1. Going by the alpha-carbon gyration tensor, a ≥ b ≥ c the square roots of its eigenvalues, is the range 225-309 rounded (a/c under 1.5) or, if a/c is not under 1.5, prolate (a/b greater than b/c) versus oblate?
2. Rounded if a/c is under 1.5, else prolate if a/b is larger than b/c, else oblate: which is the range 112-178, with a ≥ b ≥ c the root eigenvalues of its Cα gyration tensor?
3. Any idea what the alpha-carbon Rg over 2.2 N^0.38 Å comes to for the range 135-231?
4. Measure out, as a whole number of angstrom, how far apart the alpha-carbon centroids of the range 220-291 and the range 119-161 sit.
5. Taking the Kirkwood radius as the inverse of the mean 1/r across Cα pairs, report the Rg/Rh of the range 173-230.
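All of the numbers you see were taken from the coordinates with simple rules; none came from a lab. Not measured: the values here are computed from a predicted model.
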Amino acid sequence: MSMTSQLQTLTIQLDRLGIDVHNLKLISPAPISIESRLSDVSTLIDFQETLDMKKSDLDFYSFSDSDENSDMDIQDYLLQTEPYVEPFVSDVFASAMSLYNSDQDLERAFQLFEQCASKEHIESKSMCGYMLEHGYGVKLNIKQAIIYYQDAVDYQSPSAFNHLGFLYRYGKGVIQNGLKAFQLFEKSAKLDYAPGQNHLAQCFQNGIGCNVDIDMAIYWYDKAAEQQYPPALNNLGYCYEIGLGVDQDNCQAQKLYYIAWKSGNGIAAYNLASMYETMENPRLDLAAAWYRRAARLGDIPSLVRLRLL
């Protein structure tokens, strides 16, 4: 078979799998460049041979466009079939994250994370732990969550360090241990994980597992805020509002609260409302407007304040 014919045949078979040969993406929101998958024509031919080896398995699955479950069948197939499953694990992880973030099908998202975790995908292990911890798409099971977190931590997962640190800080499923929480947050923060940086800053601010060190708290709030992490933006805004470790600056505080609110942080909207309510010349109209915005984001204290205005 000529090189052209081989490429045409490969394109058709890739199309059956939902993969566009121009950017070679799985049915997933995450695009993947063809350069990162197939470096040259010889790799395409190797991939063709792999597909031929699994032809009987492919024929067993129904990938009809009319089958509304075909996308999920393909994802299962790619996870369960060797030898060319591994390059696609990250694509299935992206599909699972899309389901999780859109809240479309948390049960299915957990199943995909679990399957990726079985292929030693580290962040999938962390996500399995998180969903088990909170009962998202699966029955709540703290003990099993900790097992997943510990496994991911062994591979230096920044999110797992952070999640496990949170459990130790509040004694959730483990004996409360501020020092252990601090150490885990510190590892997460040094891996440039914004939630871990924010939690480490809180430890320094409140003396959890360490001595109070406001300068270090501001340093780590800044680090997380640089990544536009809403809770850190809110916490840094609070520091500017009261002059904690920085020069007091209401304008900077309002700016940071506003950016955090734009990213969906209800506490930041509450803090903005509180500033308008308690300023030297109160603006109760603006306070009420911001309390309503906070309430729409699920902030319960804002509902109380609205009744008292």
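1. Working: a/c = 2.33, a/b = 1.28, b/c = 1.82.
Oblate is the answer for the range 225-309, as a/c is 1.5 or above yet b/c matches or exceeds a/b.
2. Oblate.
3. On the way: Rg = 13.3 Å, N = 97, 2.2 N^0.38 = 12.5 Å.
That ratio works out to 1.06.
4. 32
5. On the way: Rg = 10.8 Å, Rh = 11.1 Å.
A ratio of 0.98.
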